[in-house]
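Below: one structure, written as structure tokens.
Where a number appears in this text, it was derived from the coordinates with a stated rule and is not lab data. Since this is a predicted model, take the numbers as computed values, not measurements. Cβ placement follows ideal geometry from the backbone for every residue including glycine, while neighbour counts extend to all protein chains displayed.
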Amino acid sequence: MNQLHIVAELMALSARTAPKGAGMDFIVTEIVEGDDLAVLGQKMIEFGERTGKKLFDRDGRNVMASAAVLLIGLKDAKDVGLNCGACGAEKCIKINTFDGEFKGPQCSLRMLDMGIALGSAAKTASLLNADNRITYRIGPVAREMGLIDADVVMGIPLSATGKSIYFDR
């Protein structure tokens with residue numbers, strides 16, 4: 001078994017056990033490895049060309065050079081019900097009424113849950129000395145490809161080389 005697969009599994013565990021608002025868990029994870037990495041990376045490059053969005057090519061090449069990618073997303077998240085206004089609405093919003101790169105809107109506190117899960121996963125990779133970087137651009141393409149069933153997705157690619165491939169790009 002590839003060591004970075006084990007790291008990805010432990011990162012998924014960190015995302016799962018990260019604190020969540022009102023103790024409700026809407027986090028989903030998937031690990032992408034092997035030939036799927038080349039396909040994901042190529043689809044990211046094509047997505048950037050198709051949409052005119054920058055840097056999908058750079059991040060796609062990073063994915064192709066990675067040993068694994070951990071996808072972390074939110075699926076069918078319900079609002080916390082606090083009417084806190086963090087999303088900009090006076091009362092809690094109706095979630096998933098728009099479908100673009102991601103489904104939205106999302107409760108701001110649920111997005112915070114996702115951020116904490118992402119940070120916990122990245123921390124785990126760091127503690128295990130695996131190079132990683134939280135990457136937005138992986139999410140829309142992984143979602144479009146059906147690699148994960150989630151409404152909002154981010155990816156964390158993993159590598160173990162003498163110098164991190166995710167910096168000085």
Legend entry - Residues satisfying the stated conditions in region 152-165, i.e. touching a strand residue (DSSP E or B) at 6+ places or on another chain (Cβ under 6 Å) and either surrounded by fewer than 21 Cβ atoms within 10 Å (Cβ to Cβ) or among the aromatic types (F, W, Y) (or both): S159, S164, I165
Inset, instruction - Could you check how many residues of region 79-118 are buried (at least 19 other Cβ atoms within 10 Å of the Cβ) and of a type in the set (V, I, T)? - result: 2
Inset, instruction - Determine, yes or no, whether L4 is touching a residue at least 40 places away in the same chain (Cβ under 8 Å), touching a Ser or Thr at 6+ places or on another chain (Cβ under 6 Å) and either more than 16 Å from V153 (Cα to Cα) or not in a loop (DSSP other than H, G, I, E, B) (or both). - result: no
Inset, instruction - Go through (1) under 28 Å from L10 (Cβ atoms); (2) acidic (D, E); (3) crowded, with 17+ Cβ neighbours inside 10 Å and name the single condition D76 misses. - result: (3)
Inset, instruction - May I ask you to list pairs of residues, at least six apart or on different chains, whose Cβ atoms are under 6 Å apart, with the first in region 31-45 being within 17 Å of I156 (Cβ to Cβ) and the second being in a helix (DSSP H, G or I) and of a type in the set (V, I, T)? - result: L37/V63; L40/V63; G41/V63; M44/V141
Legend entry - Complete set of residues in region 126-137 that are more than 14 Å from A18 (Cβ to Cβ) and touching a helix residue (DSSP H, G or I) at 6+ places or on another chain (Cβ under 7 Å): L128, A130, N132, T135, R137
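Taking the criterion of being assigned to a loop (DSSP other than H, G, I, E, B), of a type in the set (F, W, Y) and surrounded by 13 or more Cβ atoms within 10 Å (Cβ to Cβ), would at least one residue in region 18-30 satisfy it?
Checking region 18-30: at least one residue is assigned to a loop (DSSP other than H, G, I, E, B), of a type in the set (F, W, Y) and surrounded by 13 or more Cβ atoms within 10 Å (Cβ to Cβ).
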